[in-house]
Amino acid sequence: MSSTVIEKTRQFAQSFFEEDGSGHDWWHVYRVWNMACKLADAEGADRTIVEIAALLHDVADWKLSDRGEAHGLETIRSLLADDLTPETVDTICAIISRVSYKGAGVATPMESLEGQVVQDADRLDAIGATGIARAFAYGGNKGRLIHDPDQKPVLHDSFEAYKKNKGPSVNHFYEKLLLLKDRMHTPTARAIAEERHRFMELYLERFFGEWDGTL
Ligand code: ADP
Ligand code: NI
């Protein structure tokens with residue numbers, strides 16, 4: 001039963017994200033799904049819930065939909081209604097509605113192990129070599145500068161302020177990417193995050209060296 005609903009969800013997610021150019025393309029979803037499976041097995045989380053929540057985690061994202069989160073969650077409910085119990089659908093929707101980062105000073109609690117695994121997998125894809133590529137892809141898609149020394153990073157303490165932010169892409173490292181390592185839930189993700197974090201620090205060191213002309 002579960003493998004059929006996962007395949008149906010994969011097909012839905014693949015067509016939903018096919019066209020996106022802001023770093024939320026199907027391959028982001030694919031990587032998060034893949035990593036979430038790995039984390040789920042290492043941490044003993046329920047694979048069906050984790051896989052479906054990972055595949056659909058960005059469907060209701062505030063950045064992607066003009067119609068808002070509620071519309072995305074409705075789409076998810078109707079997709080899954082015939083295959084899963086209402087309780088399982090509720091669990092998956094609760095994960096999806098909580099998964100997003102909302103600013104440096106805004107807590108994003110996640111109670112269930114399955115939710116923690118999906119949030120960790122999503123955040124691992126925002127750091128390291130892939131995270132660097134995504135930050136500049138997102139910035140380019142929104143017409144942002146790469147870097148502007150006159151604009152300092154802001155540690156947003158509300159989701160509203162974080163949403164309005166239009167700063168250059170390098171600021172995003174200080175506003176989100178470098179903070180994610182300490183916000184991982186599971187030990188397996190924390191170990192992977194350490195490595196990816198070091199790579200971003202090295203990248204920034206070189207970036208600023210080249211910016212100043214010292215490298
Ligand atoms: P996720 O899918 O990991 O939840 P988001 O939806 O927050 O990530 O954003 C998609 C990608 O774009 C991520 O890699 C994220 O770090 C990046 N991104 C989001 N906001 C900005 C920004 N203001 N500047 C540069 N990159 C950003
Ligand atoms: Ni995502």
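The values are calculated or read from the model by the stated rules, or taken from the named source; none is laboratory data. Here the structure is a predicted model, which means the values were calculated and not measured. Positions of Cβ are generated from backbone atoms using ideal geometry, with glycine treated the same way; all protein chains shown enter the neighbour counts.
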Practice item. Pairs only if they're at least six apart or on different chains, beta carbon under 9 angstrom, first in the range 121-132 and free of Cβ contacts under 8 Å to residues at least 40 places away in the same chain, second surrounded by 24 or more Cβ atoms within 10 Å (Cβ to Cβ); list them, first residue then second. Key: none
Exercise for review: Sort out which residues of the range 27-47 are surrounded by fewer than 18 Cβ atoms within 10 Å (Cβ to Cβ) and either more than 16 Å from ligand 1 (Cβ to nearest atom) or over 18 Å from Ala189 (Cβ atoms) (or both), and write them in order of number.
Suggested key: Trp27, Cys37, Lys38, Asp41, Ala42, Gly44, Asp46, Arg47
**Study point:** Scan of the range 185-213 for residues that are in contact (Cβ under 8 Å) with a residue 40 or more places away in the chain and part of a loop (DSSP other than H, G, I, E, B), ordered by number
**Key:** His185, Thr186
Review point. When you go through (1) modelled with pLDDT under 95; (2) under 28 Å from Ala40 (Cα atoms); (3) more than 16 Å from ligand 2 (Cβ to nearest atom) one by one for Val89, which number turns out not to apply?
Key: (1)
Check your understanding: Are any of the residues in the range 8-25 within 13 Å of ligand 1 (Cβ to nearest atom), at pLDDT below 95, closer than 27 Å to Lys142 by Cβ and exposed (fewer than 15 other Cβ atoms within 10 Å of the Cβ)?
Key -> yes
Review point. Looking at Ala135, is it of a type in the set (Gly, Ala, Ser) and either assigned to a helix (DSSP H, G or I) or closer than 27 Å to Ile49 by Cα (or both)?
Key: yes
Review point. Taking the condition under 17 Å from Lys8 (Cβ atoms), free of Cβ contacts under 8 Å to residues at least 60 places away in the same chain and acidic (Asp, Glu), does Glu51 pass?
Key: yes
Review point. When you look at Leu84, is it modelled with pLDDT of 95 or more, closer than 26 Å to Glu43 by Cβ, surrounded by 19 or more Cβ atoms within 10 Å (Cβ to Cβ) and within 16 Å of ligand 2 (Cβ to nearest atom), yes or no?
Key: no
Practice item. Inspect the range 158-171 for any residue being outside any helix (DSSP H, G or I), near ligand 1 (Cβ under 10 Å from one of its atoms), in contact with a Phe, Trp or Tyr (Cβ under 8 Å, 6 or more places away or on another chain) and more than 15 Å from Gln116 (Cβ to Cβ) and give the result as yes or no. Key: no
Exercise for review: Inspect all residues belonging to the range 120-140 and state whether any of them is of a type in the set (Val, Ile, Thr), crowded, with 21+ Cβ neighbours inside 10 Å and closer than 23 Å to Pro187 by Cα.
Suggested key: yes
Check your understanding: With respect to Arg77, is the statement that it is part of a helix (DSSP H, G or I), over 30 Å from Pro168 (Cβ atoms) and at pLDDT 95 or above true?
Key -> yes
Practice item. Scan (1) touching a residue at least 12 places away in the same chain (Cβ under 8 Å); (2) farther than 20 Å from Tyr203 by Cβ for the single condition Ile146 breaks and write down its number. Key: (2)
Check your understanding: Can you name the residue in the range 112-130 that is of a type in the set (Val, Ile, Thr) and more than 9 Å from ligand 1 (Cβ to nearest atom) and, of all such residues, is nearest to the chain's Cα centre (by Cα)?
Key -> Val118
Exercise for review: Quick one: in the range 131-154, of everything that is at pLDDT 95 or above and β-branched (Val, Ile, Thr), which residue is nearest to the chain's Cα centre (by Cα)?
Suggested key: Ile132
